[in-house]
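Everything below concerns the one structure shown next.
The values are calculated or read from the model by the stated rules, or taken from the named source; none is laboratory data. In this text the structure is predicted, and so the values were computed from the model without any measurement. Virtual Cβ from ideal backbone geometry, glycine too; neighbours counted across all protein chains shown.
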Ligand code: 5RP
């Protein structure tokens, strides 16, 4: 476990986003996640591409990260052209002490899982509020729209409480970048994340759920301006 200190004027998310971006080296192909913390990593990578002539290619995980990357001047590629990535950087909604993560607060976890599973190293960037001994965050589950009721029933059978994620104005469901719905499923404290992960993957109509077991390292931004790597 390493402790680092950054300027106190930067936010916890900014500290770790920048720190992860500074791990990236010339020639790397990088997966870029979605969310407010990863946005700092994307901005910092864009700065390095511009000011340090850093030569990288990136695979975005969403329209949001694609647009931010283009805006930042980061050259993009695809998993078809580069099926193996050196490093993926992404945020998370919760991380437990065994580095199991919950993702999908932004509804992008399907592509985020594909991209991070394609990477040799997966760095997760979070502020310290995301760290918990055990997972108890709701699990985002992307489903085919016409399987919504079927999946809700299967989640209830697994002991979960499913809610269809609605758009901010509540006049319709959230539609993912893949054209699907999201069901947020609460299970209380999750005693065995791996077993729940397998059960959710086994539900008919599920495209992908937000439990991740492939985190290599977590960069945790702290209120005092330091960060820690576990
Ligand atoms: C998107 C995600 C995000 O990485 C997660 O929701 C964390 O977001 P933020 O960095 O804004 O707190 O999984 O699907």
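Worth pointing out:
- Residues being within 12 Å of the ligand (Cβ to nearest atom) and at negative phi - total across region 90-104: 9
- Pairing each residue of region 41-54 that is more than 22 Å from residue 13 (Cα to Cα) with any residue that is assigned to a helix (DSSP H, G or I), provided the two are 6+ apart or on different chains, yields C-beta distances under 6 Å for 54/48.
- Restricting 155, 139 to residues that are over 18 Å from residue 38 (Cβ atoms), within 16 Å of the ligand (Cβ to nearest atom) and crowded, with 18+ Cβ neighbours inside 10 Å narrows the list to 139.
- Odd one out for residue 119 among (1) within 14 Å of the ligand (Cβ to nearest atom); (2) at pLDDT 95 or above: (1)
- Qualifying residue in region 126-143 (condition: more than 26 Å from residue 218 (Cα to Cα) and over 19 Å from the mean Cα position of the chain (by Cα)): no
- Residue 30 within 24 Å of residue 180 (Cβ to Cβ) and crowded, with 24+ Cβ neighbours inside 10 Å: no
- Filter result for residue 107 (within 12 Å of the ligand (Cβ to nearest atom), on the phi > 0 side of the Ramachandran plot and touching a strand residue (DSSP E or B) at 6+ places or on another chain (Cβ under 8 Å)): yes
- Candidates in region 66-89 are the residues that are within 16 Å of the ligand (Cβ to nearest atom) and without any contact (Cβ under 8 Å) to a residue 40 or more places away in the chain; of these, the one that is farthest from residue 106 (Cα to Cα) is 69.
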